[in-house]
Amino acid sequence: MIEKVKTDFLAWFGGGREEIRTFFAPGRVNLIGEHTDYNGGHVLPCALEIGTYAFVRKTKSGNVRLYSQNFPEKGVITVPLTDLAYRDEHGWANYPKGILAAFQASGVIIDSGFDVLYYGNIPNGAGLSSSASIELVTAVMVNELFQANFSTLELVKMSQNVENNYIGVNCGIMDQFAVGMGKKDRAILLDCQTLHYRYLPLLLNDCSIIIANTNKQRGLADSAYNERRATCEAALTKLQQHLPISSLGELTSEQLAKYAHVLSPVEQKRARHAVTENERVMQAAEALENGNFTRFGELMKQSHLSLRNDYEVTGIELDTLVEAAWKHEGTIGARMTGAGFGGCTVNMVKDEHIPSFIEQVGREYAEKIGYEASFYVVKIGDGAKEITEKEEMML
Ligand code: GLA
């Protein structure tokens, strides 16, 4: 794969193969803890082996030339280092531009141009963090090329900031954190308020993680996402009149129940999800540490039900996929993952049942929804990094 993409790089940019450096950042899947990150709660994501590769070479010009094999119709996009403002017509290239602008804003001198070719194997817009992946692969790359010496955590925060303030999506920190800090065969238990984190072994033994993509086009996802955030913030402000808290993540279900009357009915539901989901993450982490996958699976189910009934971010496509999975004998756990409103589900399935799972859940989905879902059996991999020559040989 790498050699073929490098040949494409040379076709676009010329020059010699030797000076090309290769970087990688994964996609992520969240096992449990949805819509808790911006509420100051916990999440339990992991990095995937699929992700975004960046092939790069410095040049002597003052321009950056960007090409993505995922958007060939856009061709090579050339931007001068002196003008990195967001432009609609640059589409996907605004992500790397935003990262470069952030490096400049933090005082790093980008003293030469470079050519970069991106290649990604994360399905776009499926809720597996293809945007955090391109942000982090660019951030790690620029950090190395220009010896900026930022820590990975600083690059994670920078990338979230670019997403919030340059791209304009008001996301929490989970995606960038998982993509930057992921570790092979580990899930990350992250407290999004303090950024304290711990790696938990994810030794699946005789089962696998299957991601199922609804393939639903997500039109209004960003506005609905921002609306959920705003409702939670309004609920927090009201609760703060009675309780000394700085986020919903600090509340227990009992405390919330006691003060629920100060909230509107919708705020009560949204806050209840944020609080119970946070509690479920802690229970799920314990179950994982004890190797109790049955309990883990039950918590995944409760998480989905809460996202369906209280947070109302599932929809017919995700519900159909998850309900079909719950019925299957090989399923240990299944729930929606990511922001919702379409996107993907995450399933833990016993290995011997994988083919029948894909066949049966796929059939039920297509019959009810009218188009096919896609299934990916995924592996848990490392966070963003440079790929060494030795590693390249293995890809
Ligand atoms: C999106 C956001 C994350 C998080 C999830 C929901 O993936 O980017 O910050 O809020 O939705 O858990």
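The values are calculated or read from the model by the stated rules, or taken from the named source; none is laboratory data. Predicted model, so just to flag it, every value in this text is computed and none were measured. Cβ sites come from the backbone with ideal geometry, for glycine too, and all protein chains shown count toward neighbours.
In the range 332-349, is there at least one residue being outside any strand (DSSP E or B), of a type outside the set (D, E), away from the ligand (no atom under 16 Å from the Cβ) and not assigned by TED's automatic domain parsing to the domain that holds E267?
no
For the range 168-190: of the residues being aliphatic (A, V, I, L, M) and within 17 Å of P26 (Cα to Cα), which is nearest to the ligand (Cβ to nearest atom)?
M174
Within the range 191-218, how many residues are within 16 Å of the ligand (Cβ to nearest atom) and closer than 25 Å to S374 by Cα?
5
Of these, A85, A93, A101, which one is at pLDDT 95 or above and exposed (fewer than 14 other Cβ atoms within 10 Å of the Cβ)?
After applying the criteria, what remains is A85.
Considering only residues that are more than 16 Å from the ligand (Cβ to nearest atom) and polar (S, T, N, Q), look in the range 136-167 and name the one that is nearest to P96 (Cα to Cα).
Ranking the qualifying residues of the range 136-167, first place goes to T138.
Quick one: which of G340, G333 is under 19 Å from N30 (Cα atoms), of a type in the set (G, A, S) and in contact (Cβ under 8 Å) with a residue 60 or more places away in the chain?
G340
Could you check, for the range 77-95, whether at least one of its residues is touching a residue at least 40 places away in the same chain (Cβ under 8 Å), within 16 Å of the ligand (Cβ to nearest atom) and closer than 27 Å to I2 by Cβ?
yes
Checking the structure you have, find out if any residue of the range 112-126 is within 16 Å of the ligand (Cβ to nearest atom), in a helix (DSSP H, G or I), in contact (Cβ under 8 Å) with a residue 24 or more places away in the chain and not hydroxyl-bearing (S, T, Y).
There is no residue in the range 112-126 that is within 16 Å of the ligand (Cβ to nearest atom), in a helix (DSSP H, G or I), in contact (Cβ under 8 Å) with a residue 24 or more places away in the chain and not hydroxyl-bearing (S, T, Y).
Looking at S303, S374, which one is under 25 Å from R186 (Cα atoms) and within 14 Å of the ligand (Cβ to nearest atom)?
S303
If you scan the range 162-191, which residues turn out to be in contact with a His (Cβ under 7 Å, 6 or more places away or on another chain) and hydrophobic (A, V, I, L, M, F, W, C)?
L189, L190, listed by residue number.
Output the residues belonging to the range 276-295 that are in contact with a helix residue (DSSP H, G or I) (Cβ under 9 Å, 6 or more places away or on another chain) and touching a residue at least 60 places away in the same chain (Cβ under 8 Å).
If the condition is that a residue be in contact with a helix residue (DSSP H, G or I) (Cβ under 9 Å, 6 or more places away or on another chain) and touching a residue at least 60 places away in the same chain (Cβ under 8 Å), then E277, N278, R280, V281, A284, L288, F293 are the ones that fit.
Would a scan of the range 5-28 turn up a residue that is touching a helix residue (DSSP H, G or I) at 6+ places or on another chain (Cβ under 7 Å), more than 16 Å from the ligand (Cβ to nearest atom) and more than 24 Å from Q147 (Cα to Cα)?
Yes, the range 5-28 has at least one match.
Among the residues of the range 363-395, write down those that are touching a residue at least 24 places away in the same chain (Cβ under 8 Å) and in a helix (DSSP H, G or I).
Correct list: E364, Y365, K368, I369, E392.
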